[in-house]
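Colleague: Once you've had a glance at the structure underneath, I'll fire off some questions.
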């Protein structure tokens, strides 16, 4: 989240005088809000928030962050805005599932 937040802040600075800059600012603020709730979400899952920094994600988990970074460095305002708006729609459909999907006692292959 902090890497994405930084990338959105870079995009905000690059396109500060455009409508896209407002979108990127909103996305950066959203990442900040998510970071603020991470500890509570970890507790809800039964995890120790103090140990989150010890977690080593799988290499595939870095794909989206790498994509966001690439767009922040090289993407046009239009490319980045369209990519993130399309992603928000897809992301929204994944988080709209009932909270029981986040039950740590289920396996990743468990379907609701």
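Colleague: I'd like to check something: does the stretch 53-73 contain any residue that is more than 17 Å from the chain's Cα centre (by Cα) and modelled with pLDDT of 90 or more?
Modeller: Looking through the stretch 53-73, at least one residue is more than 17 Å from the chain's Cα centre (by Cα) and modelled with pLDDT of 90 or more.
Colleague: Another question, if that's okay. On the basis of being outside any loop (DSSP other than H, G, I, E, B), in contact with a helix residue (DSSP H, G or I) (Cβ under 7 Å, 6 or more places away or on another chain) and modelled with pLDDT under 90, does residue 81 make the cut? Write out each step before concluding.
Modeller: On the way: outside any loop (DSSP other than H, G, I, E, B): yes; in contact with a helix residue (DSSP H, G or I) (Cβ under 7 Å, 6 or more places away or on another chain): yes; modelled with pLDDT under 90: yes.
Taking the combined requirement at face value, the residue satisfies it.
Colleague: Let me ask another. Quick check on my filter: what residues within the stretch 7-26 are part of a helix (DSSP H, G or I) and within 15 Å of residue 75 (Cβ to Cβ)? So that I can check it myself, show each step before the final result.
Modeller: Looking only at the stretch 7-26, we keep the residues that are part of a helix (DSSP H, G or I), and these are 7-14, 19-26.
Those that are part of a helix (DSSP H, G or I) and within 15 Å of residue 75 (Cβ to Cβ): 7, 8, 9, 10, 11, 12, 13, 14, 20, 21, 23, 24.
The values are calculated or read from the model by the stated rules, or taken from the named source; none is laboratory data. What you are looking at is a predicted structure, and each value in this text was computed from that prediction instead of being measured. For neighbour counting, all protein chains shown are included, and Cβ atoms are generated from backbone atoms with ideal geometry for every residue, glycine included.
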